[in-house]
Structures are given as C-alpha cells and as structure tokens.
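Working notes, structure below.
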Protein chains: 2
Amino acid sequence: MLENLPPISSHLLGTILELDTLLPKPAERKKGIWLKLPLEQSDLVPLAVKEGFQYHHAQPGYVMLTYWIPEGPCMLPANASHQVGIGGFVINQNNEVLVVQEKHCSPATLGLWKIPTGFIHEAEEIYTGAVREVKEETGIDTEFMEVIAFRHVHNVAFEKSDLFFICMLRPLSFKITVDDLEIEAAKWMPLVEFVKQPLIQEDSMFKKIVDIFIARLGKRYCGLSTHQIVSKFDGKISSLYYNVIDNEDGTCVGK
Amino acid sequence: MLENLPPISSHLLGTILELDTLLPKPAERKKGIWLKLPLEQSDLVPLAVKEGFQYHHAQPGYVMLTYWIPEGPCMLPANASHQVGIGGFVINQNNEVLVVQEKHCSPATLGLWKIPTGFIHEAEEIYTGAVREVKEETGIDTEFMEVIAFRHVHNVAFEKSDLFFICMLRPLSFKITVDDLEIEAAKWMPLVEFVKQPLIQEDSMFKKIVDIFIARLGKRYCGLSTHQIVSKFDGKISSLYYNVIDNEDGTCVGK
C-alpha cells in the first residue's frame, strides 16, 4: 500500500496502517484510505485535512476521513443517506383509533389528532420500532401486523432523505398513559371522527393514507407482513417484508 | 441563547452564532448548539472537542458537531441511519430474466446469475434508481412497475442499516451493453434456468424473493406502485408506495 501513499506525517501514518482491514473488498485495497479518528484524537483532524483527506461520516465517538489514491472519481461507498420513521395505526374493537396530539407540532397541524409516529433507533426493526413508539407515546401495548404503505421524501434533516413506514398494529392493552415529554394528549377516537377531521380531508397525503387504512380494515387491501430469514451468504438475519395473498380467492391473508 | 452557553473560545463563538437558524424547532432553541465546520476550518475541530462538543455527522465538505446544554439525555435528532439499495427484476416477452455476473462478487456467490442491484443516489427516488442501475449495468431501458418486497438488515457498512427494495421493471429495449467497470457479464436467461440455479434454490432468502417474483408474474401477488403526492403541510413532493387492488374481484391491478 505504501508506494502509492501521499506524503503523510508519521502521526497519521500510525493510525492509518491499523485501519487497512477496514477496506471493504480486496480489489479496493491500495485505492482508498480510511482514517477513523476517535474524539480523543481530534487534534489529528486538521493534520489529515491538510494532507488531502476528506470527511466521510461521523458518529458521536469518532470522525471517519477518506483519501482516494487513483486519478478519477472516488469509488468508496457513500455514507448513510436515510432516516427511517414509522407511524402506527391502532384500532380497537369499538372501531376507535389511537390518536395523539404532539407538544411540538407545526402550526399548520395544530389541533390535529394524528397516529403516533417516530424514528426507529439504530439497528432497530421497523416492526419493533412501531410497537415501541406507540408504547412510549400512549402506554398502549400492541402487536405488529403489517406495513400498509411507505412514503419517500428528500431533503429533510441535514439534507438527507426520509423513509416513513405506515404500520398497522393490533392493540393488546387499552388504558392510555400519556408521555408527558412529547405528547400533549392521547385518546381512543371513533374512526368516523378521525377521518372527518378537516386537516385530513384537505390534505391529499393524509387522505390517501387513511383511505388505505380503511381499505385494509375491510380486507380490500394487502399490507406487507414481516418474515425473519437468514441468508446463508452473509449469515445475517434479515426481515423480509412482503404480502401474503390467499391463492384460492385472491384476497389478503391478514392476521 | 448566550446565558446558558459553556465557556467557549471567541473563535468558535463566531461560527456558532451564525448557526442559530439551523436549530430545527423554536422549542429547542437554547438547548442544543449545532456547529457546522467546513473542511477549510478543520483547525477549529480540536478546539470544539476540547470545549465539550461531540461529532454528530459529516459529509465530504464539512463536519457537524453538537453541544447539548441541559442536564439529561441529548434530545437532538440523530444522524441518517440507513443506506438504501434496489434490485431490478426485468423479464421480456420470451420469459427471459435480465441477469448479470458481478466483477467483484463474494466467493460464496461465484457463478451466480443475479438481477442488477445497486444503491440509490442522494435524493434519488427508488423507482428512478432502479431504472438507472439496470441501465448502467446492462444498457437496457426499463419502466418501473412495482416494489414487490423489501429487506431490512443491520450492521452493514459503517455499522449502519440497509433497506433493499426489490423492484419489478418492464423492459423497453432488448440489446445488452455490459458495464465494464462493475459487471463481468450480462444476458437474458430463461426464467426456468434462472430459478433452477443451486445458489438460489439453496438460499431461503433468494428462494423466497424468486417465489414472490413468480407469484407476481402470475398476478397472484400485489406489489406496491408509486404515486407522487404533494402534502400541503410541508409542500414537499413525496412518493407514496402502496398497492392497488381491483375491488371487484380482489385481484391485483398491475400495469
């Protein structure tokens, strides 16, 4: 690797040589240099930048810099590009939807009773994230059933993109306990009232999502359920989301 | 804002005050400090760290640091957590699937004819990313039809998560031109041969995805098609992915 290296100070070199194993594929060795500097070594950051390194990504404990050796465009894999959110539709046997009002909502949605929403945590599943968010905001225990739709939008936080999965959940408890930090109020709201809200009727996005939810309730819609599968190639447990249709009559097989 | 600030050197203070507008919500002002340092100001990084700032995220041109003022856990939104990939199933009128062999595949999948795959670009749509990747790898023009399933897996690149959307595309051209950089070979392969490959039959993940694809071909499965919708609340164009079912007979309405 050394013969292609830029002139690098000995301080940095010590750190870089330890990082050779971070290179993703054998074919890419000797082409790109990964330099991971922990928070405690932040004094090396300006030194690396002076040597021609670029920022790649950072996490609370470290910053990763890269240097692409060959002429031509950098072929190193990009940083994470998306945040992932979930919304949870929970309906009880009385046809009431679990809804909340947020403490810090935008002025445009003031007064709207909406479904619980939130971001999934690092390495968290969509189906567990949805159950967790509903529990945190309302105290209600639920079981994940399906992703019924998802939304993709760009240039959200830090110019990244956002994938938002709309989930259907079955309630396992019914007594609401409001999360005082984020939630102003929570309640079970009759489905008819929920749908009638002007802020939902007037917005094509909200309206469409509610239409899908109602179609799913009437079994006229197939959501995607989750299935844990281990691939023998990477040995990783994956969640594969797909819908299960009854081949006999073509209708959805919901839980 | 100033009364709650930690003792910060005047160098940093100049940069911070310009960044007040980056704070996401009025309610969070005075609680968290965002410090965006461009590459050219990397000499301020060790200074900020010494003052108690943490790395938040970085892009090639800058690093973002944060400082959380109150006691208690930091409530600032997290960095992007996911990369997003796509795979494209393209089948022609002769029941042949568009397949490739990659130059830099893992030893475990050596010899496998697979569908074209890749990562979507920053701010790119899933449906355009799928069309682009197929075009880049094989030269074939396609039209996006549906997402038929998606896979969620964790601890992939840089300990981030990966969402992989399996798309179905309709071919608009038929002459293959192989991308020499990434692809070893590409061809139209009879569906029966594609499915019979031992590496597909022996892996529960590959097998399941192929089963879904075949069910979709036989119209015994509903994928999610994409619909562009503007929400009046944020004015953003979103892509909403959901399936369209014929309410008359319960079967999918594919294109």
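Quick notes on this one:
- Selection of strands (runs of 3 or more DSSP E) fully inside region B:79-174 by the criterion of at least 2 residues being among the acidic types (Asp, Glu) returns B:96-102, B:142-153.
- Some residue of region B:30-44 being open to solvent by 30 Å² or more (accessible area, probe 1.4 Å) and modelled with pLDDT under 85: yes
- Any hit, region B:5-18, residues being at pLDDT 95 or above, in contact with a strand residue (DSSP E or B) (Cβ under 9 Å, 6 or more places away or on another chain) and not hydrophobic (A, V, I, L, M, F, W, C): no
- In region B:196-208, the residues that are out of contact with any Lys or Arg (no Cβ under 8 Å at 6 or more places or on another chain) and either farther than 14 Å from residue B:110 by Cβ or facing chain A (nearest Cβ under 7 Å) (or both): B:196, B:206, B:207, B:208
- Residue selected from region A:210-224 under the condition open to solvent by 20 Å² or more (accessible area, probe 1.4 Å) and outside any loop (DSSP other than H, G, I, E, B), by the criterion nearest to the other protein chains (Cβ to nearest Cβ): A:211
- Filtering region B:111-140 to residues that are closer than 21 Å to residue A:81 by Cα, out of contact with any Gly (no Cβ under 6 Å at 6 or more places or on another chain) and of a type in the set (Gly, Ala, Ser) leaves B:118, B:123, B:129.
- Only residues that are closer than 20 Å to residue B:223 by Cα and of a type in the set (S, T, N, Q) were counted in region A:149-162, giving 0.
- Looking across region B:63-78, the residues that are open to solvent by less than 30 Å² (accessible area, probe 1.4 Å) and either in a helix (DSSP H, G or I) or modelled with pLDDT of 90 or more (or both) come down to B:63, B:64, B:65, B:66.
- Residue within region B:116-133 that is closer than 20 Å to residue B:200 by Cβ and within 12 Å of another protein chain (Cβ to nearest Cβ) present: yes
- Checking each residue in region B:175-200 for being in a loop (DSSP other than H, G, I, E, B) and either of a type in the set (A, V, I, L, M, F, W, C) or not assigned by TED's automatic domain parsing to the domain that holds residue B:87 (or both) picks out B:176, B:178, B:181.
- Residue match in region B:170-186 (condition: open to solvent by 10 Å² or more (accessible area, probe 1.4 Å), in contact with a helix residue (DSSP H, G or I) (Cβ under 6 Å, 6 or more places away or on another chain) and not aliphatic (A, V, I, L, M)): yes
- Within region B:127-148, residues that are under 21 Å from residue B:221 (Cβ atoms) and open to solvent by 10 Å² or more (accessible area, probe 1.4 Å) reach partners that are among the aromatic types (Phe, Trp, Tyr) and part of a helix (DSSP H, G or I) with beta carbons closer than 6 Å, at six or more positions or on different chains, in the pairs B:144/B:127.
The values are calculated or read from the model by the stated rules, or taken from the named source; none is laboratory data. Just so it is clear, the model here is predicted, and its values are computed rather than measured. So basically every Cβ, Gly included, is an ideal-geometry build from the backbone, and we count neighbours across all protein chains shown. Just the protein is used for accessible areas: all its heavy atoms, side chains included, with ligands, DNA and RNA removed. Shrake-Rupley method; radii C 1.70, N 1.55, O 1.52, S 1.80 Å.
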